[in-house]
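K.L.:
Dumping the structure here so I can ask a few things about it.
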Amino acid sequence: MNRFSSQNLLAAGLALAVAAIGLYGAWSMDLGSLRRIGQGAFPQAVSLLLLLMGLGVFALRAEPGPDRPALRPIVFVSAAMIAFALLLPLGGLGIAVVAATALCACASSESRVVETFGLGVLLAAGFAGLFVYGLGLNIPLLPE
């Protein structure tokens, strides 16, 4: 008999918790009708789908995976998000994107410096084109 995988239990518990919070928050909102959907229909529908997904993952039985997840990707991807949030107002979009890309690349032992830098520059140029020039957002591109 297969035991519950700790990863499946964690994923199911997280999905169920987020679904419960979503249902609680949207419970008092008006559902409306099929002809005129109210403001609470979408959040409740998404929360119910997430609830069903969590129950489905909980129902899966799998062999136990590794005891604990690798910490290196978790640490570097989290550091990349924090660095992006801190560098965006100070260094602009270009430096923030390149720094976040470099930190994300440190999460893998297979990344290369030249490829990472090239990807960071391409992402920064694409984000600048989309958000600053395309959408007209007031985001500094480089430090002032």
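Just so it is clear, none of the values below were taken in a lab; they were calculated from the coordinates. Just so it is clear, the model here is predicted, and its values are computed rather than measured. Heads up, the Cβs are rebuilt from the backbone with ideal geometry, glycines too, and the neighbour counts pull from every protein chain shown.
K.L.:
What three numbers, in Å, describe the spread of the alpha carbons of the range 98-144 along their principal axes, ordered from the longest?
P.N.:
37, 20, 15
K.L.:
Provide the per-residue ³J(HN,Hα) series for the range 124-133, in order, calculated from phi with Karplus coefficients 6.51, -1.76, 1.60 and θ = phi - 60°, each as a whole number of Hz, with x at glycine and proline positions.
P.N.:
Computed from phi, the couplings for the range 124-133 are 4, 5, x, 5, 5, x, 6, 7, 7, 8 Hz.
K.L.:
So the label point goes 7 Å from the Cα of Leu48 along Cα→C-beta, right? Which residues of the range 11-26 then have their backbone N under 13 Å from it?
P.N.:
23
K.L.:
On a 0 to 90 degree scale, rounded to 10, what angle separates helix 71-105 from the longest Cα axis of the chain?
P.N.:
Relative to the chain, helix 71-105 is tipped by roughly 50 degrees.
K.L.:
When the convex hull of the Cα atoms of the range 6-59 is projected onto a plane and the area is averaged over all directions, what value comes out in nm²? Could the numbers behind the result be given before it?
P.N.:
On the way: hull surface 14.0 nm².
Mean orientational projected area (the range 6-59, Cα hull): 3.5 nm².
K.L.:
Something else about it: By count of other Cβ within 10 Å, fewest leading, how are Thr116, Thr101 ordered? Walk me through the numbers on the way to the answer.
P.N.:
Working: Thr116 18, Thr101 21.
In order of increasing Cβ crowding within 10 Å: Thr116, Thr101.
K.L.:
May I ask you to work out the translational diffusion coefficient for the range 71-134 at 37 °C, viscosity 0.692 mPa s, via Stokes-Einstein with Rh from the Kirkwood sum over Cα pairs, reported in whole µm²/s? Display every interim value, and only then the final one.
P.N.:
Numbers: Rh = 11.8 Å.
In µm²/s, the coefficient rounds to 277.
K.L.:
Return one number: the angle in degrees, 0 to 90 and rounded to the nearest 10, between the long axis of the Cα atoms of helix 41-59 and the longest principal axis of the Cα atoms of the chain.
P.N.:
Roughly 80 degrees between the two axes.
K.L.:
Another question about this same structure. Starting from the eigenvalues of the Cα gyration tensor, five times each then square-rooted, give me the equivalent ellipsoid semi-axes of the chain, largest first, whole Å.
P.N.:
36, 28, 12
K.L.:
How much mean residue ellipticity at 222 nm does the chain get from its helices, if each DSSP H run of length 4 or more adds -39500 (n - 2.57) and you divide by all residues, to the nearest 500 deg cm²/dmol? Could the numbers behind the result be given before it?
P.N.:
Numbers: 4 runs with 90 residues, N = 144.
Helix contribution divided over all residues of the chain: -22000 deg cm²/dmol.
K.L.:
Can you give me the angle between helix 6-26 and the longest principal axis of the chain, using Cα atoms only, in degrees from 0 to 90, rounded to the nearest 10?
P.N.:
Taking the Cα atoms of the chain, the angle to 6-26 is about 80 degrees.
K.L.:
Rank the residues Phe58, Phe42 as a footprinting-exposure proxy: fewest other Cβ atoms within 10 Å of their Cβ go first.
P.N.:
With the sparsest Cβ surroundings first, the list reads Phe42, Phe58.
K.L.:
Okay, next question. Which of Val18, Val114, Val98 comes first, and how do the rest follow, when ranked by fewest Cβ neighbours within 10 Å? Let's see the in-between values first.
P.N.:
On the way: Val18 15, Val114 7, Val98 19.
Least to most surrounded, the residues fall as Val114, Val18, Val98.
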